[in-house]
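Undergrad: Before I ask anything, let me first share the structure, which is written out below as structure tokens.
The values are calculated or read from the model by the stated rules, or taken from the named source; none is laboratory data. Here the structure is a predicted model, which means the values were calculated and not measured. Don't worry about glycine lacking a Cβ; one is built from the backbone with ideal geometry, like all the others, and counts go over all protein chains shown. What goes into the accessible areas is simple: the full protein's heavy atoms, side chains included, and nothing from ligands, DNA or RNA. Shrake-Rupley method; radii C 1.70, N 1.55, O 1.52, S 1.80 Å.
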Amino acid sequence: SWEVSFLRPLYSLKEKWATEIKVADSIDIERWYENGKVTDEFESASRYRFGSITRVFGDRKEQNQISFWYKHDKKNFKSLKNVSPSKARFENRKDSTLGTTIRHGKTSFIQETFLDKMGRVEDIAIGNNYGISVGYSSTLWDSDVNETYIALDMATSQKRGRRMFIDASAQLSNYIAHRLFHDFVFEGKARCLVKDYWRQTLAMQLSWWMGHRLDGRRQFLLGGQNGLRGYKARQFNGSRKMLLNVESRFIFYKNSLIVLGGAVFADIGYIWEGNILPISAYKR
């Protein structure tokens, strides 16, 4: 695999322009899981091209951003393994999309330690931002199908008193082809951190994912690599997922070179198919 990219980011709050260009080719292995086991395995050859330009309006505390972007992604799949019938539908695809993203944010910054990076100084954003992205793929500019992409997202972060931080985020995305919705995905997260509570940091996070009319190339997985510690990396699969993490973090020793700490945690997760949450079928 290889990638060449050029990026001029918004590296300060005074910047008004940003741009990005990326060209990449890669060969990867895509796997489909059923009950923790691989049922399908594909070799994926991808050719990816992306370019965007962003203009910022406003000041350092309140900003509006508008971006114009183009994405071309060509993927070819070669079947390597097929154990049993499954919902996997990996098909060759060529996607060429023109789009725009509009964002609004009202943000200030504070400095904290012992919050997420175990003793390192962090710049924490406090405020709100939200955005909308709209893209259109067309056969006129080398796409397989005519398709519309729509995504909405929002995030908020607040400090309550001297010790409590609360943040939440949500994203909704879907595609429209032939007047039908597909690959409808909702992702949400709410988190609360209480700092220096009995000389520790108490962190609580609730996350949830919902998928509807997924096209057989995307599935939700739950396990050790997805926040449910104590299980195999991708032990469970489904189209709905919910996860609760509670963690108490302690710092035992620190100096300018090292930070020594630990955590006591509890994870509880659900993953299922359909619209009804199976209350008794939790993983912990």
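Undergrad: Using R₀ = 22 Å, calculate the FRET efficiency as 1/(1 + (r/R₀)^6) where r is the Cβ-Cβ separation of Lys189 and Met164; round to 0.05.
TA: 0.85
Undergrad: Tell me, what is the per residue accessible area of the stretch 1-119 in Å², probe radius 1.4 Å? If you can, show how the numbers build up before the last one.
TA: Working: 7640 Å² over 119 residues.
For the stretch 1-119, the per-residue accessible area is 64 Å².
Undergrad: Per residue, how much accessible surface does the stretch 172-284 expose to a 1.4 Å probe? Answer in Å², no decimals.
TA: Values: 6850 Å² over 113 residues.
I get 61 Å² per residue for this part.
Undergrad: Taking all protein chains in place and a 1.4 Å probe, what share, in percent, of the accessible surface of the stretch 213-284 do carbon and sulfur account for?
TA: On the stretch 213-284, the fraction of accessible area on carbon and sulfur atoms equals 57 percent.
Undergrad: My understanding is that a pair violates if its Cα-Cα distance is over 22 Å; which of Lys37/Lys87; Lys75/Lys189; Lys16/Lys61; Lys14/Lys71 do that in this structure?
TA: Numbers: Lys37/Lys87 13 Å; Lys75/Lys189 31 Å; Lys16/Lys61 14 Å; Lys14/Lys71 28 Å.
Cα-Cα > 22 Å for Lys75/Lys189; Lys14/Lys71; rest within.
Undergrad: Using only the Cα atoms of the chain, construct the convex hull and provide its projected area averaged over every direction, in square nanometres to one decimal.
TA: 18.2
Undergrad: Taking the simple approach of a point 7 Å from Cα along Cα-to-Cβ for both Trp208 and Ser280, what is their distance in nm?
TA: Using points 7 Å along Cα→Cβ, the separation is 2.2 nm.
Undergrad: Taking every eigenvalue of the Cα gyration tensor of the stretch 110-209, multiplying by 5 and rooting it, what semi-axes result, largest first, whole Å?
TA: 40, 13, 11
Undergrad: Compute the FRET efficiency between Glu62 and Val134 as 1/(1 + (r/R0)^6), taking r as their Cβ-Cβ distance and R0 = 41 Å, and round to the nearest 0.05.
TA: Using R0 = 41 Å, I get an efficiency of 0.95.
Undergrad: I'd like the FRET efficiency for Leu260 and Val83, computed as 1/(1 + (r/R0)^6) with the beta carbon distance as r and R0 of 41 Å, rounded to 0.05.
TA: Values: r = 45 Å, r/R0 = 1.10.
After rounding to 0.05, the efficiency reads 0.35.
Undergrad: Compute the distance in nm between two label points, each set 7 Å from the Cα along the Cα-to-Cβ direction, one at Leu98 and one at Lys14.
TA: So the two model labels end up 3.6 nm from each other.
Undergrad: Need one number: nm distance between label points at His182 and Asp196, each 7 Å from Cα along Cα→Cβ, rounded to one decimal.
TA: Modelled inter-label distance: 5.5 nm.
Undergrad: With the Cα gyration tensor of the stretch 24-173 giving a ≥ b ≥ c as the square roots of its eigenvalues, does the rule (a/c under 1.5 for rounded; else a/b larger than b/c for prolate; else oblate) give rounded, prolate or oblate?
TA: oblate
Undergrad: Here is a further query. Report the local net charge at Trp2: Lys and Arg +1, Asp and Glu -1, summed over other residues whose C-beta lies under 15 Å from its C-beta. Please report the intermediate quantities before stating the final value.
TA: On the way: positive: Lys22, Arg47, Arg49; negative: Glu3, Asp25, Asp28.
Result for the local shell: 0.
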